[in-house]
Structures are given as structure tokens and as C-alpha cells.
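The values are calculated or read from the model by the stated rules, or taken from the named source; none is laboratory data. For clarity, every value in this text was computed on a predicted model and none was experimentally measured. With ideal geometry, Cβ positions are generated from the backbone for all residues, glycine too; neighbour counts draw on all protein chains shown. Only protein heavy atoms, including side chains, enter the accessible area calculation; ligands, DNA and RNA are left aside. Shrake-Rupley method; radii C 1.70, N 1.55, O 1.52, S 1.80 Å.
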Protein chains: 2
Amino acid sequence: MPNLPLEMERLHRMAADCGIVRIGTAGIRQLRRLVDRIEAETGLQFIRMEMGIPGLPSPDAAVQGEIQALQQGVGAVYPPFEGIAALKTEIARFIQRYTDVTIAPPNCFPTLGAMQGCYLGMALAARRYADKTRILFIDPGFPVNKLQARSLGLTYTTFDLADYRENKLASKLESVLAAGDYAAIVYANPSNPAWLCLSATELEIIGAAAHRHDLVVIEDLAYFGMDFRTDYRQPGKPPFVPTVAHHADHYLLIISSSKIFSLAGQRIGMLAISDSLARARHAHLKRFYPSDVFSEALAYGGLYAIGAGVSHSAQFGLLALLQNINRGRYDFLETVRIYAQRAARLKTIFRANGFQLVYDRDGERRLADGFYFTVAYPGMAGSDLVTALMRFGISAIALDATGSARQGVRACVSQIAESDFDIIAERLAHFQRVFG
Amino acid sequence: MPNLPLEMERLHRMAADCGIVRIGTAGIRQLRRLVDRIEAETGLQFIRMEMGIPGLPSPDAAVQGEIQALQQGVGAVYPPFEGIAALKTEIARFIQRYTDVTIAPPNCFPTLGAMQGCYLGMALAARRYADKTRILFIDPGFPVNKLQARSLGLTYTTFDLADYRENKLASKLESVLAAGDYAAIVYANPSNPAWLCLSATELEIIGAAAHRHDLVVIEDLAYFGMDFRTDYRQPGKPPFVPTVAHHADHYLLIISSSKIFSLAGQRIGMLAISDSLARARHAHLKRFYPSDVFSEALAYGGLYAIGAGVSHSAQFGLLALLQNINRGRYDFLETVRIYAQRAARLKTIFRANGFQLVYDRDGERRLADGFYFTVAYPGMAGSDLVTALMRFGISAIALDATGSARQGVRACVSQIAESDFDIIAERLAHFQRVFG
């Protein structure tokens, strides 16, 4: 166990050994490798807040449902690539029970993680018209969505939501979208990394702008219902989880099961296409797909053509879980609530030691506690803060990569154990003594 | 149970109810729906030879390996998107043991079925250069690969291998590739639907042409080793499974586990990139991907960006199976040999009743018996034959959709049970009496 802080030279030498030139701007996977290296070489045990990995076991219903399906032999049989019928029904029911939005089961699909849903959604949205191929990302956001746009040959524009809250959002959207070449608006709610939550007014503004400019809204609900300021735990009863679906006609809801259901390993997400978008016809789609109908083009030219569906047994696992959730037998939000409790405690510890929250308000309201939070240290650039924290055995990523113009780091609470809080408090107090 | 043949009017009425205008050219999924419909309405039980579905249970090692991994909790944890290290090693070993070709484990990936490997392979190959974006498909082939090319915005050309065997293949390739805008050659060996198997000379010709024109060879080995004319059952000992890898430098091997391992349900295939292609750098890749190195662009901009890897538990299932196979504890080729036995018997029955094989020779050699075979009835177009067979309770698909200029149907043997042979013989004898 080394003396803290780690010496800069030593840190840089280990970074160089991992192929990292500048620690503060290293990719998340490079950082992870560096942390592993430091732990192995020095014996220092890190407080790991860099990765957005779920920290809970998968629900029993999902695991047992999948095992049972395997025992019954589904592994030998091609799954329907559009999803097994019962699963499509339960996805629709899940959305209905928690958002009060109705989407027909044929328009609900299991996908290879939420990522495949977003990839295909952008592809389809941007191929409806020859001259509308740009994506608008509302940042800060998940960097991989930009990687997806790039791999599809699409261009994109971004702005930071925090600078355009409530009614300011309307004029900002109008000024951006006036260019006329946009295909889709993409954002997450709650957002990664800032944990900003859009208000009903903001969702209405987005829906109206999308309608006016004939855009598809792609809403990433990776943290569905995890704005714990409101209690969304009762399926079928208000309050319902906010979504643009209440305010838009052409939208895709993309619901990851990685965090809310702790099913990251099985790569099975949910994609729901609004009924009106599903049946929309666009002649230009036929240049790329076997159908001009949005949902058919997505299913046959996307889900089928890329991989012929997703794991048969995982579909049964998710089915079993949703059956429990939709019937009130399993409260997924109660389970993941622990992330919010951790975030609240961690924010207090960071603030008590000279740190400030970077994103801290949704308009008038204090930001929700959730899976991520963002902190800065006065006078320190985000990338320098990554390096400085690392010298104290704490890993996090700089906000730069997420489309944020603000200085600071994203901290993920998922891997924090009860025994870690005291260690963090001690290390941050030490940090403050050193950096003043 | 109706009198056979089914009346034309009745058949057409049921087809119309399924949204099918012309039975002979209906897609495979539409046909399937029609057959289900006829069975339900008439009580007639079909001999189903339309779908290429494996007809065997998954090997125990794969199922138990996956169940064990689920019990150990891998469902909650993101898999490495490039594949778990042990699996990469076993994929490389499998290729080594059965083909005598060495590919480094980092260049071996699990994919969302073989289809994702082919999709990404074409994308990457066609993005190496701005002006080389056309795919050459050697037909007859799997229609979905063309769907993939289309969804990637790529153009393609095809020709029928049966018309250009052995040395004729060299001049044909030369005349086609002279256009200079090709990115890749795609073919399956053995092929679906014709079950043509390329000779060593032909593979050498393909490898040399690809080298001369700087193309990527994408070799679909969905039926790896299933040319049962040669005994490839001993891992690590000759004879080795033929592959272009013996004759080319820039190639992708795409090995589906659906048929050879009866794992169609789990959507886990294998992709191996030749070491020299893996490290090839192309500046143009950076327009689409975060790296100009072929394998890194494919991994980060493809496997990661589209779905962040494939099912964690399925990776462990495939790993357990490959460990058994590579150590000689499980003989996958012995298991799937039953398909060849069925094909031989079925060919005899069809020929005894006036049918002819459409594709029947690899040069001097009789075609191998395998998963598919192709038959025609004298004077009858392929699409008419589909309809006529259907009236006798036998379903198959027309060759037209597969890039074949020949008239006939593809029959898949996988769903045929021992009790079916007599029924088929009887129905085909009846067929011959009616059609003469």
C-alpha cells in the first residue's frame, strides 16, 4: 500500500506502460486498464467510479426464466427476429403500466442492448429523406451514440441542455433545426453523465419541434424511472414516468435493461416505435431496405439483416422478469433506489471536502440523486482533476468526452460498497489538504 | 385430412388470406405462414423443407456451460464486447485444429450470429477506400447478405458459380473485377442453397484475384466441414477443412454456430480476421470509425457501437462447447452427419419420381450430400414447382431468390424425421401421376 498521493512520475510511467499519453483525456477503457495496473503494482485499492456498470445481481426471475428456457431447448431454435410474441406484449404492457402510453405489441422489439435500437433508429430516421441526414444530440450525452452516427456516415450537431432549460430550449431548437437537414433528435432522460431530467414542458417543446420539422425523437430511457424525486413505483397508477411519448407522434423509446434490471450481460434491450411512426411510409427507405414502411424496414432490413434477432433464452429471461414487474410482483425501482442513496451520501462527502457539483439543478429543482453525478474542484480542469483524483486512488472520467463544455468529472456510484464511504471521505480530505 | 392435391382455388384463397399474391415468389417467412395456415385449416401435415432451421438439440456442453454461467451471475455484468479472452483463444484454436490456419486470438470475435460478422465485414471492407464500395457475391447465395449490402448503401454484382467452375473462374473474376471498384468477394462454402463446394484450385483463384485487386475475401463457413465426401473429423490432423485462408492474405472467416453446433437460438457466431488484414491501416476508415486500423475500427466502431458485444452467458456456452471440441471430446461433424444421410435418401426418392437435381456436380465430382439440395421437375418453372409441391403437402423455396438463373427449388433436410420418408415417396409418386 503506497503513500498517497501517488507520485506524478510514477503515475505517468504506469500510464505510459498502458499506452496512455495524457491520463485526463484517456478513454474509459484505457483508464480502466491503468487502474488495474496501478492496483496490481502498488497494492492500492481504488474507489472505482469510472465505469457505468450495474452493481447489483440480475433479478432471480430473469435468471431462472432464461435457465428454464435453455433447459427446454430454445438454444437450438432461431428466435423470431422481431421478438417472441409474448415478450412483445409484455414490453408494450411495461410501457403502458409505467408511462400510460399505448404502443402496439408488434411495434415493440427486443434488441441487442439498447445500443442496437439507437443505431437502427438513427439509420432509419436518417434514410427517410435523401436530404435529412443530420442528428441533433442534446448533450451532455453518451459518447457511443456519436460513434454510431459516425459509423452510419451521418453528421451531427450538439448543444448543452444546461444552457437552454425550459423556454430557452424552444428558441434554441428552432434556431438549430432551421437548417432543415435534421433527421432525429437524440437525448437521454435522465441523462448520462449529468443526470439532468427533462421537465414536462421541455419534453413538450421537443415533441412540438420534432413535429414541426418532421423529425424522429429518439429517447434513450436507460435510467427509466430513476428520477427518484418522484415515486413511480406503482405500475398502472400515476404519477407516470415522463416521456416525450406524451407529447410527440414520431418517436422511438429505447429502454436498456442493463441498469434498471441489472441485465447488462445479456445484451437485451427494448425498442418501441410509436404506432404512427411504425406505419409511416417513405419512398427513400427503399434505397436501403426491402420495405418503405418504417417498422418493416427496421425489422427486416435492420434487426433481421444485422443479426437475425437476439438470444432466444435472453428473450425468455426478460419475458419472465417483465411478467413479474407488470403484475406488481417485482419492484425494479425499489431495487435500484440504492443508487440514489449512495449518490446522496457521496455528494455530501465530496462537497464537504471542497468539491462542487457541476450540474446541480433542473430549473428550480435540485438535481435528482441517481446513477451518476458530476463534480468539479475549484480552479482545476476536468482532465487535471481525473489525474489528481487518481493519485488518491479514485477513478472517474472527465466531462469533456460527453459533449459538456464544463470542467469536471463524472462519478458513477454503482460500484461503491458500504465500506467505501469512509475511505472516500478520508482520501478527499487528504486531497483537499494537498490541493488547498 | 384433405384429398391431395389440394385444389388450386383453395390454395390461392388461403394464400390471399395470408397476404400472398403469388405463392411461388413469396418470401420464406410468408411461405411459412401459409403452410401453418394450410395445416391448421385442412389437417394436412406438411413435409417442411422450406426453412434452414437446425433439426438437432444443442450440445449438452453448450447448454450446461451457459446455464452455469448464468448461475454464477454473468447476466449482470457487461461482457467484453470483443469477446471474453478464453473464448477468443478457443475460437482461434478451433480454426487452427480444423483448418491448420493460424489466426491470433485477439482477431477472433464472437458476433451476433454469423450475420453480424458478415454485415460488419462488408461495411469495413467497403470503407477502406472512397472509390471501392461494390461487393461481388458468388451465387447462388444467402439472400440476406444482399439485404445487408443494401442496408449499408453498397452496390453489388453477382454471377452463378456453376457456370464458371475451375479455371473458368479465374477469367470470370478477372473480367468482373477489372471495373476496379470492388471492396470484397462474398461466398459460402459449402454454399446455400446449391451445396456447391469450392475446390482448392478455385479457392486459390479467389485468393489470388483478391490479392491482385486489393479486395477482402469474406468466406461464409456456415456449413463448416459439412462436405462429407471428405472426413474432416480429426482435429489437428489432415485432411483439413478447405478455406481461402490457405490462399489469401486479407480475409474474414465467418463461422455460424447455428447449423454445425445446433445453436441457432443463441445468436452467437464467430468472426476471424486474418492477422494481416487485422493490422492493415486505411486512412479512409477514420471517416466512419475511431481508428484507421481494420480490426480496431471493426471492434470499436462495429461490435461495440452496434450492440456492445453479445450475450455474456452465450459466450460461456460456446466456450464450453469449443473446449470440448478442440480437445477431441465432442465430434460435432459426427453429430451433423445425419443431414447428409437424409439428403442422400431424399435425393434418391425425388429422382425415382421424375425429379432431377439442379446442381449436381463439383466439376468431375458428384455433389456432396448435406443440409440442402436442389431439385427441378422437367418443364416446370421453379415458382410453379413451389406451388405444385405445396398442393401435395411439401414446402420448399424457389431458387430465383438466391441468385440462381436455374429453375428449381431448394429443399432443406433438417426437419425430416425417419417417419417422413415413406410419406414423401408416396406424395411424390402421386405428384408424378398428376403432372406426368
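Give segment B:258-288 a look and list any residue that's in contact with a strand residue (DSSP E or B) (Cβ under 6 Å, 6 or more places away or on another chain) and open to solvent by less than 10 Å² (accessible area, probe 1.4 Å), or say none. Talk me through it step by step, then tell me what you get.
So the first thing to find is which residues in segment B:258-288 are in contact with a strand residue (DSSP E or B) (Cβ under 6 Å, 6 or more places away or on another chain), and the list is B:268-274, B:281.
Within segment B:258-288, B:268, B:269, B:270, B:271, B:272, B:273, B:274 qualify.
The conditions are (1) open to solvent by less than 10 Å² (accessible area, probe 1.4 Å); (2) more than 10 Å from every other protein chain (Cβ to nearest Cβ); (3) under 18 Å from the mean Cα position of the chain (by Cα), and residue A:120 fails exactly one of them. Which is it?
With (1) open to solvent by less than 10 Å² (accessible area, probe 1.4 Å); (2) more than 10 Å from every other protein chain (Cβ to nearest Cβ); (3) under 18 Å from the mean Cα position of the chain (by Cα) applied to residue A:120, the lone miss is (2).
How about segment A:58-128: which helices (runs of 4 or more DSSP H) wholly inside it have at least 1 residues that are within 26 Å of residue A:153 (Cα to Cα) and out of contact with any Phe, Trp or Tyr (no Cβ under 6 Å at 6 or more places or on another chain)? Lay out the reasoning, then the answer.
Working: elements: A:60-71, A:85-99, A:113-125.
Passing ranges, in order: A:113-125.
Which of the residues that make up segment A:330-355 are out of contact with any helix residue (DSSP H, G or I) (no Cβ under 8 Å at 6 or more places or on another chain) and of a type in the set (S, T, N, Q)?
Across segment A:330-355, the qualifying residues are A:335, A:341, A:348.
Which condition breaks for residue A:414 when tested against (1) closer than 14 Å to residue A:50 by Cβ; (2) touching a strand residue (DSSP E or B) at 6+ places or on another chain (Cβ under 7 Å); (3) part of a loop (DSSP other than H, G, I, E, B)?
(2)
Could we say that residue B:435 is of a type in the set (Phe, Trp, Tyr) and at pLDDT below 95 here?
Yes, satisfied.
Restricting to segment A:129-140, count the residues that are over 18 Å from residue A:153 (Cβ atoms) and either open to solvent by 10 Å² or more (accessible area, probe 1.4 Å) or facing chain B (nearest Cβ under 10 Å) (or both). Lay out the reasoning, then the answer.
At the first step, the residues of segment A:129-140 found to be over 18 Å from residue A:153 (Cβ atoms) are A:138-140.
Cutting the leftovers down to either open to solvent by 10 Å² or more (accessible area, probe 1.4 Å) or facing chain B (nearest Cβ under 10 Å) (or both) gives us A:138.
Of the residues in that region, 1 qualify.
Inside segment A:146-160, can you point out the residues that are in a helix (DSSP H, G or I), open to solvent by 10 Å² or more (accessible area, probe 1.4 Å) and more than 9 Å from chain B (Cβ to nearest Cβ)? Write out each step before concluding.
First pass over segment A:146-160, keeping only residues in a helix (DSSP H, G or I): A:146-151.
Then drop every residue that is not open to solvent by 10 Å² or more (accessible area, probe 1.4 Å), which leaves A:146-147, A:150.
Within segment A:146-160, A:146 is the sole residue that qualifies.
Which pairs turn up if I take residues in segment A:68-81 that are at the interface with chain B (Cβ under 7 Å from one of its Cβ atoms) and look for partners that are of a type in the set (Lys, Arg) and crowded, with 20+ Cβ neighbours inside 10 Å with beta carbon separation below 8 Å, at least 6 apart in sequence or on another chain?
Sorted first by the residue in segment A:68-81, then by its partner, the pairs are A:79/B:267.
Can you report the number of residues in segment B:164-191 which are surrounded by fewer than 23 Cβ atoms within 10 Å (Cβ to Cβ) and either assigned by TED's automatic domain parsing to the domain that holds residue B:359 or in contact (Cβ under 8 Å) with a residue 60 or more places away in the chain (or both)?
2
If we keep just the residues of segment B:368-399 that are aromatic (Phe, Trp, Tyr) and under 22 Å from the mean Cα position of the chain (by Cα), which is nearest to residue B:232 (Cα to Cα)?
Of all residues in segment B:368-399, those aromatic (Phe, Trp, Tyr) come to B:371-373, B:377, B:392.
Then drop every residue that is not under 22 Å from the mean Cα position of the chain (by Cα), which leaves B:371-373.
Working: B:371: 16, B:372: 19, B:373: 21 Å.
Taking the candidates together, the pick is B:371.
Out of all the residues in segment A:415-426, is one or more of a type in the set (A, V, I, L, M), crowded, with 23+ Cβ neighbours inside 10 Å and assigned by TED's automatic domain parsing to the domain that holds residue A:357? So that I can check it myself, show each step before the final result.
Narrowing segment A:415-426 to residues of a type in the set (A, V, I, L, M): A:416-417, A:423-425.
In the following step, the residues that additionally are crowded, with 23+ Cβ neighbours inside 10 Å were identified as none.
No, segment A:415-426 has no match at all.
Scan segment B:37-48 residue by residue and report those that are open to solvent by 80 Å² or more (accessible area, probe 1.4 Å) and either under 16 Å from residue B:386 (Cα atoms) or without any contact (Cβ under 8 Å) to a residue 60 or more places away in the chain (or both). Spell out the reasoning first.
In the first step, residues of segment B:37-48 are kept if they are open to solvent by 80 Å² or more (accessible area, probe 1.4 Å); the result is B:40, B:45.
B:40 - this is the single residue of segment B:37-48 that is open to solvent by 80 Å² or more (accessible area, probe 1.4 Å) and either under 16 Å from residue B:386 (Cα atoms) or without any contact (Cβ under 8 Å) to a residue 60 or more places away in the chain (or both).
Can you tell me which residues in segment B:29-48 are within 14 Å of another protein chain (Cβ to nearest Cβ) and out of contact with any helix residue (DSSP H, G or I) (no Cβ under 8 Å at 6 or more places or on another chain)?
Filtering segment B:29-48 down to residues within 14 Å of another protein chain (Cβ to nearest Cβ) leaves B:29-30, B:32-33, B:36, B:48.
Once the filter is applied, which keeps residues that are within 14 Å of another protein chain (Cβ to nearest Cβ) and out of contact with any helix residue (DSSP H, G or I) (no Cβ under 8 Å at 6 or more places or on another chain), segment B:29-48 yields B:29, B:30, B:32, B:33, B:36.
Please go through segment A:296-337 and give me each residue that is open to solvent by 20 Å² or more (accessible area, probe 1.4 Å), on the phi < 0 side of the Ramachandran plot and small (Gly, Ala, Ser), ordered by number. First the steps, then the outcome.
In the first step, residues of segment A:296-337 are kept if they are open to solvent by 20 Å² or more (accessible area, probe 1.4 Å); the result is A:296, A:300, A:304, A:316, A:320, A:323-324, A:327-331, A:334-335, A:337.
Retained after the next criterion (residues that are on the phi < 0 side of the Ramachandran plot): A:296, A:300, A:304, A:316, A:320, A:323-324, A:327, A:329-331, A:334-335, A:337.
Answer for segment A:296-337, where residues must be open to solvent by 20 Å² or more (accessible area, probe 1.4 Å), on the phi < 0 side of the Ramachandran plot and small (Gly, Ala, Ser): just A:320.
Exactly one of (1) of a type outside the set (Lys, Arg); (2) away from chain A (no Cβ under 14 Å); (3) open to solvent by less than 30 Å² (accessible area, probe 1.4 Å) is unmet by residue B:96. Its number?
Status for residue B:96: all satisfied but (3).
Those residues that are outside any helix (DSSP H, G or I) and touching a strand residue (DSSP E or B) at 6+ places or on another chain (Cβ under 7 Å), I need them from segment A:379-403; list them, please. Even if it seems obvious, please write down each step before you answer.
Here is the first cut: in segment A:379-403, the residues outside any helix (DSSP H, G or I) are A:379-381, A:392-398, A:403.
Passing the criteria: A:393, A:394, A:395, A:396, A:397, A:398, A:403.
Test residue A:399 against the stated conditions and say whether it is crowded, with 17+ Cβ neighbours inside 10 Å and either modelled with pLDDT of 95 or more or among the basic types (Lys, Arg) (or both). Full working, then the answer.
Values: crowded, with 17+ Cβ neighbours inside 10 Å: yes; either modelled with pLDDT of 95 or more or among the basic types (Lys, Arg) (or both): no.
So residue A:399 does not fit the description; no.
Of these, A:13, A:33, A:29, which one is surrounded by fewer than 13 Cβ atoms within 10 Å (Cβ to Cβ) and assigned to a helix (DSSP H, G or I)? Quick ask: steps written out before the conclusion?
Details: A:33 fails: surrounded by fewer than 13 Cβ atoms within 10 Å (Cβ to Cβ); A:29 fails: surrounded by fewer than 13 Cβ atoms within 10 Å (Cβ to Cβ).
Answer to the selection: A:13.
In this structure, is residue B:219 closer than 27 Å to residue B:294 by Cβ and either open to solvent by 10 Å² or more (accessible area, probe 1.4 Å) or basic (Lys, Arg) (or both)?
Numbers: closer than 27 Å to residue B:294 by Cβ: yes; either open to solvent by 10 Å² or more (accessible area, probe 1.4 Å) or basic (Lys, Arg) (or both): no.
Answer is no for this residue.
Taking residue B:214 and the conditions (1) at negative phi; (2) of a type in the set (Asp, Glu); (3) open to solvent by 10 Å² or more (accessible area, probe 1.4 Å), which numbered condition does it fall short on, given that it satisfies the others?
Looking at each condition in turn, residue B:214 falls short on (1).
Hey, any hits in segment B:349-369 for a residue that's open to solvent by less than 10 Å² (accessible area, probe 1.4 Å), farther than 30 Å from residue A:147 by Cα, in a helix (DSSP H, G or I) and not charged (D, E, K, R)?
The answer is yes, given that some residue of segment B:349-369 is open to solvent by less than 10 Å² (accessible area, probe 1.4 Å), farther than 30 Å from residue A:147 by Cα, in a helix (DSSP H, G or I) and not charged (D, E, K, R).
Out of all the residues in segment A:345-381, which are touching an Asp or Glu at 6+ places or on another chain (Cβ under 6 Å) and of a type in the set (Gly, Ala, Ser)?
Residues of segment A:345-381 that are touching an Asp or Glu at 6+ places or on another chain (Cβ under 6 Å), as a first pass: A:363, A:367-368.
Listed by number, the residues that qualify are A:363, A:368.
Looking at segment B:289-319, which of its residues are in contact with a Phe, Trp or Tyr (Cβ under 6 Å, 6 or more places away or on another chain), closer than 22 Å to residue B:129 by Cβ and within 7 Å of chain A (Cβ to nearest Cβ)?
Matches in segment B:289-319: B:290, B:301.
Among the residues that make up segment A:49-58, is at least one of them modelled with pLDDT of 95 or more, surrounded by 22 or more Cβ atoms within 10 Å (Cβ to Cβ) and within 9 Å of chain B (Cβ to nearest Cβ)?
Within segment A:49-58, one or more residues are modelled with pLDDT of 95 or more, surrounded by 22 or more Cβ atoms within 10 Å (Cβ to Cβ) and within 9 Å of chain B (Cβ to nearest Cβ).
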